Amino acid sequence: MNIIIFGPPGAGKGTQSKFIEKKYNLFQLSTGELLRNEIKNKTQLGLEISSIINSGDLVSDEIVSKLIEKYISDQKNKQRLIFDGYPRNIDQAKNLDNLLKKYNQKIDIVLKLSVSLETVKKRILERQSQEKRSDDNELTAIKRFKTYEQSSQPVLDYYKESNLLKVINGEATIPEINIEISGLIESIKG
Ligand code: AMP
């Protein structure tokens, strides 16, 4: 099955993706992680995008689309992807549908983690002390949250229309969210 895990920065998408990746033998495709790897490896693309990522802005749709197509087209990932951080706007959602169609795949469920800006700020500052991500500070956290708020509603409406959207309280504890997500996945596995 292909899953989208959706929510603002700091919602717990990465944490929950890692959990379902293991439990259901899926593959977590985190666009943020892919982009950070480009920067870490000092590739040409990495050099081009580092200031954009550090300022909390979004990288162009085209760059991210090229990166994810590599994974979607790979037979070993067929119908076993967790999209973490993609799509982030309605154009990306439509692009994802087209890419999946091209490789005879589809989205099975969209899990939305809802959290408040206060929680996001708190979690991002905690993560900053552990992971030292260069885009994790209070100012970019607010900016990234605002960007999310501006672009997320059309994406959510899009998946609601196709009956794929499940909303989860992202303020609950990690194990509580694990349980809720497992229940939702089991219910569509049939
Ligand atoms: P994340 O790890 O998902 O919080 O992403 C970190 C940063 O990577 C974002 O603030 C964006 O600059 C960039 N990024 C990740 N995913 C996307 C995407 N789908 N579209 C555009 N930029 C993205």
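Tabulated data for the structure shown
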| read-out | value |
| --- | --- |
| Subset of the stretch 176-190 [free of Cβ contacts under 8 Å to residues at least 40 places away in the same chain and over 20 Å from Ser116 (Cβ atoms)] | Ile179, Gly183, Glu186, Ser187, Gly190 |
| Within the stretch 92-109, considering residues that are more than 8 Å from the ligand (Cβ to nearest atom) and within 18 Å of Gly32 (Cβ to Cβ), the one surrounded by the fewest Cβ atoms within 10 Å (Cβ to Cβ) | Asn95 |
| Some residue of the stretch 18-32 being closer than 21 Å to Leu184 by Cα, among the basic types (Lys, Arg) and exposed (fewer than 14 other Cβ atoms within 10 Å of the Cβ) | yes |
| Criterion (closer than 21 Å to Ile174 by Cα and more than 16 Å from the chain's Cα centre (by Cα)) met by exactly one of Gln105, Gln130 | Gln130 |
| Which numbered condition Asp97 misses (of (1) acidic (Asp, Glu); (2) within 14 Å of the chain's Cα centre (by Cα); (3) over 27 Å from Thr140 (Cβ atoms)) | (2) |
| Gly183 vs. criteria among the small types (Gly, Ala, Ser), at pLDDT 95 or above, surrounded by fewer than 18 Cβ atoms within 10 Å (Cβ to Cβ) and within 16 Å of Asp108 (Cα to Cα) | yes |
| One residue from Gln75, Gln150, Gln105, Gln128 being touching a Lys or Arg at 6+ places or on another chain (Cβ under 7 Å) and not hydroxyl-bearing (Ser, Thr, Tyr) | Gln105 |
| Spans of helices (runs of 4 or more DSSP H) in the stretch 16-133 with at least 3 residues in contact (Cβ under 8 Å) with a residue 40 or more places away in the chain, of a type in the set (Asp, Glu) and farther than 27 Å from Asn2 by Cα | none |
| Residue check, Ser152 over 13 Å from Asn89 (Cβ atoms) and either in a helix (DSSP H, G or I) or at pLDDT 95 or above (or both) | no |
| Some residue of the stretch 121-130 being surrounded by 13 or more Cβ atoms within 10 Å (Cβ to Cβ) and either small (Gly, Ala, Ser) or touching a strand residue (DSSP E or B) at 6+ places or on another chain (Cβ under 8 Å) (or both) | no |
| Within the stretch 37-72, tally of residues that are of a type in the set (D, E, K, R) and either in contact with a Phe, Trp or Tyr (Cβ under 9 Å, 6 or more places away or on another chain) or over 26 Å from Tyr103 (Cα atoms) (or both) | 5 |
| Residues satisfying the stated conditions in the stretch 36-75, i.e. among the β-branched types (Val, Ile, Thr) and surrounded by 14 or more Cβ atoms within 10 Å (Cβ to Cβ) | Ile39, Ile49, Ile52, Ile53, Val59, Ile63, Val64, Ile68, Ile72 |
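The values are calculated or read from the model by the stated rules, or taken from the named source; none is laboratory data. Keep in mind the model is a prediction, meaning the values are calculated, not measured. Reconstructed Cβ throughout: ideal geometry from the backbone, glycine too, with neighbour counts over all protein chains shown.
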